[in-house]
Structures are given as structure tokens and as C-alpha cells.
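To start, the structure under review is shown below, and the notes come after it.
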Amino acid sequence: MTAKLKLLLVAGARPNFMKVAPLINCIKTQNLEHKWGGDQIECRLVHTGQHYDQKMSDIFFAELGIPAPDMNLGVGSGSHAVQTANVMIKFEPICEKEDPDWVVVVGDVNSTMACALVASKLGKKVAHVEAGLRSYDRTMPEEINRVVTDSVADLLLTPSEDAGLNLQKEGIPKARIKLVGNIMIDALIAKLDQARRSPRLKKLSLQPGRFAYVTLHRPSNVDNEASLRAIMAQLKCLSCRMPVVFPIHPRTRQRLSDFGIGASGDNGLHLLDPIGYLDSLCLTEKARLILTDSGGLQEESTFFRTPCLTLRPNTERPVTLTLGSNRLTSVERLTSDVDKLLEGAERIGQVPPLWDGHTAERTLEHLLAFSAK
Ligand code: UD1
């Protein structure tokens, strides 16, 4: 085997895992099918260890069929500076030793930005999958990660038209921006049959189309006591109208405990530990409504056309509002927004172009084409 191209692929936190899985699987099948003649793509996976719990990391590797990482940096939690710096310190020697043709980073977490910076300074080519998303809200740590990552990336692979326009406005040459579609939807389509067999609904005695699925973990919602109290009160109200399933992120769990907010749940309010990928997809497809502040869920609900309320003043994924089933809301407007949504159809919106399950193939084709230049 002659390796044509060596990729160092980085994953760090939960929302990264469903973005690297399609790339790894696509490389595996296309190497087997000799898609690139005698040449092969070699891919080495680095897990930074930003997320490390079984429920935040291992379960996703198992469910998505991701092989064990070739390297785990084990950085764990910390302040933004500590976490970012630790990833950089540990990634630098690996990047030098592995000497890849490309470092491929996905999404917008601290690990994404840290590895992109290291690679760029070592003179390695950087490809960013999910480039160009902008909330234009710098209070959101991910927005800073997105802007920095995109500014050092050599190849910017975008999920939607708006993302490419944002990058052009920032002066990035058009030739380096490629619209490939939404990589996460590749994972979703690949796992849909399995997700539909999830026993989660039955275990919680839920009827399809008759419950709300809630995920909340953004610092802007959960790190402030008044805001988190108000949200929990709203969830109690909502649970009088329909069962509410709320798997609690470790950050949110910690804040509930710090603020002494009771989180025992009752009748209609199911407070769970974080759930795996298949259960989450199943709940997203079958819910009557979703309430979230996650970027991923805004997109997955758009794919299923499940009505979604995003508890944020803005989104970096505007296509989920213009085409998809997503609407922005606030704690103050939540009750009336839920009313409006329940009066409407059970499926709304359309699936954006190129959210079709073939984004990994398009991504690899661009990587090969750019390497030949
Ligand atoms: C990170 C990402 C965010 C993403 C989210 C998804 C950044 C800036 N933020 O936020 O974009 O939406 O992941 O989950 O990169 N913890 C555990 N177990 C773990 C990981 C974390 O208990 O496996 C706890 C720790 O107490 C930690 C806290 O969760 O302090 C927050 O983790 P961190 O990685 O700092 O940020 P997230 O809020 O998870």
C-alpha cells in the first residue's frame, strides 16, 4: 500500500464524535474499494480527552463504531485557558512526530481551535469541517473558537451557503471555501435504523409525538442562578402539559448542585444522566417538540422536521431557522412559543440542500484535490 495522503483527525468533545465517525468510515470503505487506485488515505485519530466520561465519550465511540483513538491526550476539564493550553502543549509533539499532510479539525470546541493553531504554526495544512458558522456573538466561547480556527485553516469545508458567505466577508478567498454539506447528517443517516430500535421511549412509557425532549448546557443559560432557576420552573410547567425528557449535561448537573436547585424530577419531568447518540436521535425524531441550546440538536431536529425551540438570542446555524424547524425563544416567551408550536403541524420546515449523507465523500474529494495542488 502506498499512502497518498496522511490525515491527523482531531476529536475532543461530545459534539465532535458524530462528525469524525463519517470521515473514518468513508476512508475505510473507499480504501477497501480502491476508490483512489493503488493509493490509500491513512487516518490517525487523536482524542484530546476534553470529554472523558463514559457517558460523554466512550458510549459515542461504541455506538458510532469509531475505532479506539490512536492517541489520547487526556487533557480533561479546566478553565478555557487551561484546557486550550493543555491541548496545545500535548498536541504539538504529536503533530511533529506524525507529520501529516493535513490536520483535520471539526466543529467549534476548545480542542478544535487549539489543534488548528498548533498545526498551522508547525506549517501543517489545516482543514476545518463545519467552517464558516457565525452567531456574531462573542460572548459565546465557541464563536471565538470558530473565528480563530477559520482564520488559520487552509481548506474551509462548509455545511451551508450562509457559512461560505460569512467566510468571504472575512476576506477568505473563495477558492479555499468548499460547500460540502452537513457531516453530522451522514452519521445520523447511517445510524437511523439502529436509533429507531432504541428502547428509551418504552422504558419511559412515552408515546411518539406526545413528549418534549430538552437539552440545556450553554454557560449563558446554566451558569447563572436566576436563569437556571427560571428554566427549571418553566420545565416544571411544561411537564404538566406533556412528559418532558431532560438528560442533564455534567455542567448543568454541577450548576444545579452549586445553586441548591432541586433536580429530583417528578411525574412528568424525567431528569436523566446524559444519554447516548442512538437514544438521542430516537427522542429527536419522535418528540412533539424539542427545547435546546445545543447546535447539534438544532440541526438534527431540522433533519427530522421536528419543531424545535432554541433557548438562545441567536444561532450560528441560521439555515435551521430559514429552512428548518427551529425557532429562537427566551425564558420569558417560552410558554407562548410552546403554545404556538403545539397549534402547528407536527412536522415543519425542509431539509437544507446537501444534508444528504454524502458529506464525508465530498470532504475527502476536496482534500485529495487540494493536496494535488
Ligand atoms: C463543551 C464545548 C461546547 C459543547 C459541549 C458539548 C467548548 C468551549 N465547549 O462544553 O461547545 O457544546 O462541550 O457537551 O469547547 N465534564 C464531565 N465529564 C466530561 C466532560 C466534562 O463531568 O466528560 C464536566 C466538567 O465538570 C467540566 C464541565 O463538564 O468542567 C464542562 O466541560 P467543558 O469541556 O469545559 O465544556 P462543556 O460545557 O462540556
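Please treat every number below as a calculation from the coordinates, not as lab data. What you see is a predicted model; the values in this text were computed from it and never measured. Using ideal geometry, Cβ is built from the backbone for each residue, glycine included, and neighbour counts are taken over all protein chains shown.
Couple of notes before you dig in:
- Between Arg138 and Ser371, the modelled labels are 3.7 nm apart [label points 7 Å from Cα along Cα→Cβ].
- Antiparallel bridge percentage (DSSP; both residues within the range 194-343; nearest 5): 5
- The range 241-280: Rg to Rh, with Rh as the Kirkwood radius over Cα pairs: 1.00
- For the range 185-241 and the range 301-359, distance of Cα centres in Å: 14
- Projected label distance in nm at Ala81 and Ile189, using a 7 Å step from Cα toward the beta-carbon: 4.5
- Taken about its Cα centre, the chain carries a charge dipole of about 480 debye when Lys and Arg each add +1 at the Cβ and Asp and Glu each add -1 at the Cβ.
- Extension gain from Glu161 to Thr322, taking 0.36 nm per residue of separation minus the Cα-Cα distance: 56.8 nm
- Restricted to Cα atoms, the chain shows a radius of gyration and a Dmax of 20.3, 62 angstrom.
- A straight line joining the Cα centroids of the range 258-287 and the range 36-79 runs 25 Å.
- Net charge over other residues, Cβ less than 12 angstrom from the Cβ of Ile59 (K, R count +1; D, E count -1): -3
- Computed about the Cα centre, the dipole magnitude for the range 194-343 is approximately 460 debye when only Lys and Arg (+1) and Asp and Glu (-1) carry charge, each at its Cβ.
- Extension gain, Ile89-Asp356: 0.36 nm per intervening residue step, less the Cα-Cα distance, totals 92.4 nm.
- When the range 194-343 is described by a simple charge dipole with +1 on each Lys and Arg Cβ and -1 on each Asp and Glu Cβ, the residue from Val222, Ser239, Leu256 located farthest towards its positive end is Ser239.
- Take the convex hull of the alpha carbons in the range 194-343; its mean projected area over all directions comes to 8.2 nm².
- Computed over the Cα atoms of the range 77-210, the ratio of the radius of gyration to the Kirkwood radius (Rg/Rh) comes to 1.08.
- Note on the range 282-369: Cα convex hull, mean projected area over all directions, 6.3 nm².
- The slack between Asp154 and Ala263, meaning 0.36 nm per residue of separation minus the straight C-alpha distance, is 34.7 nm.
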